[in-house]
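> Sharing a structure here in structure tokens format.
The values are calculated or read from the model by the stated rules, or taken from the named source; none is laboratory data. Computed from a predicted model, the values in this text were never measured in an experiment. Note that we place each Cβ from the backbone using ideal geometry, even for glycine, and neighbour counts take in every protein chain shown.
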Amino acid sequence: MTSRKMDDTDETQIQAQAWPAPLRMLWEALERYQEMVVSDPNLASKLEAAFRVGSYIIPGRFGGSWELSEVAYSVSNLYSLLNDFIVSRRCPSASKISACSKEQQVLLWLLTLLDTLEVAVEMISQRLFQEPGKWAMVILMQTLRAVLRSLLVFKLHYGVIRTPPVPSTDRKQAEQTAHSSNPEREDAQPLAWKAPRTGRIIRSVHTDPTIPYSELQHNVAPLSPSQTSRDSPSRLMSLDTNSLIAEALYIARPLVHIISMFIFQQSSWKPWLLALGMDLTSLQLHCGLLHSNSAEKAEVMRRRVVLMLYLLRSPFYDKRSKNMLLDFLRWLSSTIPLLHFIVDPLMTYLPVWQQVYSYNWMT
């Protein structure tokens, strides 16, 4: 597998020599950037942080700065996702979905891309095409998400889909692999092995005894599938009937909520109650999730915690929790010294957050 990937890379390099000079320079720049992301993850993280900080300092400085800030934040997340994708392509062992099939990985990356662009696309659509354009784009994106999730769960038998669908890559491991004196090859002998039960690093019989222990830690052979712990995030579990119904409810809930909003109007309690009922039923069915791994259990727990967002969703927020929350924030601002520097901007930004992040399809 690795040698075939190296052959493909070499073939692409040969083909690139025949490209026009501007394209060849661009391709070489992209290659150097990908090598930098893998070999120097700290620099890539600093660039990502710079993008994210920019999204925090924009509000209040430009016209329409709230929308611009959210778009900038989405761009920073997209940039982080791009770097993770580069790392996973250059060093598959650093990816936490490496145990998945190719089809599953493609759908997981597409689903993560949709989740990353969701807020930015919705806000841009509203700015350009007003409310009709916004709702058309929301319906389109939620339909795509439902299709991708359904394919993963019901056709490819992925299991409980986590959030985010593609966890962040292990960039430290990728850096160690890039700096290793023995590049990853199918015929390469590992310098050391990791005991599956104790986790001890054991020197291979092929290893030079003068090699220090610190270098052995960078050249540890991965465990075989039979040795993989049942709590590994990459180990997929087949779902029973109740769990499949639970995932179907979770997948359908955003679309059902949107459709019910058009039927009963946004100010009605019926869409809110319908979505809450579907979430509660899904979680109740997941209570019997058998033989699940730690990642799936953590995802079910996350969905339970996210139920708190129903306090910030309309119409409950407009008619019940809004005044109580604002009164509490005003009390904090006036009671605790210096806290108003944080609380006052928060109260100003709260309506924007409520409109953007409190919808049912955001979780």
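> If you scan the stretch 125-171, which residues turn out to be hydroxyl-bearing (S, T, Y) and either part of a helix (DSSP H, G or I) or more than 20 Å from V306 (Cα to Cα) (or both)?
If the condition is that a residue be hydroxyl-bearing (S, T, Y) and either part of a helix (DSSP H, G or I) or more than 20 Å from V306 (Cα to Cα) (or both), then S125, T143, S150, Y158, S168, T169 are the ones that fit.
> If you scan the stretch 260-288, which residues turn out to be hydroxyl-bearing (S, T, Y) and either without any contact (Cβ under 8 Å) to a residue 12 or more places away in the chain or touching a Pro at 6+ places or on another chain (Cβ under 8 Å) (or both)?
S260, S267, S268
> Okay, moving on. Quick check: anything in the stretch 11-22 modelled with pLDDT under 80, surrounded by 13 or more Cβ atoms within 10 Å (Cβ to Cβ) and closer than 30 Å to L128 by Cα?
Within the stretch 11-22, not a single residue is modelled with pLDDT under 80, surrounded by 13 or more Cβ atoms within 10 Å (Cβ to Cβ) and closer than 30 Å to L128 by Cα.
> Return the pairs, sorted by first residue and then second, in which the second residue is surrounded by fewer than 17 Cβ atoms within 10 Å (Cβ to Cβ) and of a type in the set (S, T, Y), the first residue lies in the stretch 105-125 and is touching a residue at least 24 places away in the same chain (Cβ under 8 Å), the beta carbons are less than 8 Å apart, and the residues are 6+ apart or on different chains.
D115/T163; V119/Y357
> Let me ask something else. Say whether the condition of being buried (at least 16 other Cβ atoms within 10 Å of the Cβ), in a helix (DSSP H, G or I) and hydroxyl-bearing (S, T, Y) is met by at least one residue in the stretch 99-113.
yes
> Spot the failing condition for I251; the list is (1) under 21 Å from I161 (Cβ atoms); (2) surrounded by 15 or more Cβ atoms within 10 Å (Cβ to Cβ); (3) out of contact with any His (no Cβ under 7 Å at 6 or more places or on another chain); (4) modelled with pLDDT under 95, and only one is missed.
All conditions pass for I251, except number (4).
> Determine whether V343 is more than 26 Å from I139 (Cβ to Cβ), of a type in the set (V, I, T), free of Cβ contacts under 8 Å to residues at least 60 places away in the same chain and surrounded by 14 or more Cβ atoms within 10 Å (Cβ to Cβ). Before the answer, list the steps.
Working: more than 26 Å from I139 (Cβ to Cβ): yes; of a type in the set (V, I, T): yes; free of Cβ contacts under 8 Å to residues at least 60 places away in the same chain: yes; surrounded by 14 or more Cβ atoms within 10 Å (Cβ to Cβ): yes.
So V343 fits the description; yes.
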